[in-house]
């Protein structure tokens, strides 16, 4: 009588790890079950004799051997489960508290945001200062052009005033010449009168007893009146012309003096405005330089802080990646151990099924 047999092969299970068993690694046992005829003598054929008693004894021995093997496998399973639990406890991932780092990062991000706003505000102030400086520069150039135009007008007025003074001096010299001519005419008139009186006196002296005629007196009176009226007319015309020219010159001089005074006042005001604009320009340029220096310092400071934060973030990312890798490795090992446990449980169930089958037989 031949009995079906099962051949069982098992590779040894090894446990190795680091100090304290924190990095323990279990190699899964490879249980291979080959279903076929059951060989109850582990690879040797069993020939059952006709003696039933010997056969029952043999079966009892095999049953005891199987029961011993089942108890040994149960103990090994319990030991393996214990090792799995210990390994799982030792490999429990301790969640790191990154809240303080997140708080620091948020605080630094807020500081970076505020610094960015400050930089934008500083850049806007610098741009406004540049626009104001350009505006003041344009005003200065306009005022300078106006000043040069006013100075050119003043130079023209001065030339005109010089021409007017020359004309006035010319007119005064002409008036002086006319006065001298008038004096000369008066002198000539007196000499002519004297010459006219002298023949008459001689005639009177010669002809003492001759009676005076009215024609001579009338002629003398007419000549005198004629010359006197001519002299008066010339004097009046000269005086009127001279007074008119004097009034015109005085009016022109007054007008030019007022224009000159106004121009001097405008020049003073322009100088004051120019000084104010120059002071404002220097102040804005100084403010611009200060803001640019502050902006440069802020950039360098926050660039260093940003580099430090980026380095910290990179380190945290590396740690997080390592943690993820460890978690994944732990999951893989835990999966392997669960598979080993499941396989062992199946093996135990198979042994129990075989034992129950033997009992039924």
Whether any residue in region 265-282 is over 30 Å from residue 157 (Cβ atoms), out of contact with any helix residue (DSSP H, G or I) (no Cβ under 9 Å at 6 or more places or on another chain) and in the same structural domain as residue 153 (by TED's automatic domain parsing) is what I want to check. yes
Before we move on, is residue 208 surrounded by 11 or more Cβ atoms within 10 Å (Cβ to Cβ) and modelled with pLDDT under 75? no
Check whether at least one residue in region 307-325 is closer than 30 Å to residue 78 by Cβ and either in contact with a helix residue (DSSP H, G or I) (Cβ under 6 Å, 6 or more places away or on another chain) or in the same structural domain as residue 131 (by TED's automatic domain parsing) (or both), and report yes or no. no
What are the pairs with Cβ atoms under 7 angstrom where one residue, in region 86-112, is assigned to a helix (DSSP H, G or I) and the other, located anywhere, is surrounded by 14 or more Cβ atoms within 10 Å (Cβ to Cβ) and modelled with pLDDT under 80? Sequence gap at least six, or different chains. 86/21; 87/24; 87/26; 90/21; 90/24
What do you reckon, is residue 316 part of a helix (DSSP H, G or I), touching a residue at least 40 places away in the same chain (Cβ under 8 Å) and more than 16 Å from the chain's Cα centre (by Cα)? yes
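The values are calculated or read from the model by the stated rules, or taken from the named source; none is laboratory data. Here the structure is a predicted model, which means the values were calculated and not measured. Neighbour counts run over all protein chains shown; Cβ positions are idealised from the backbone, glycine included.
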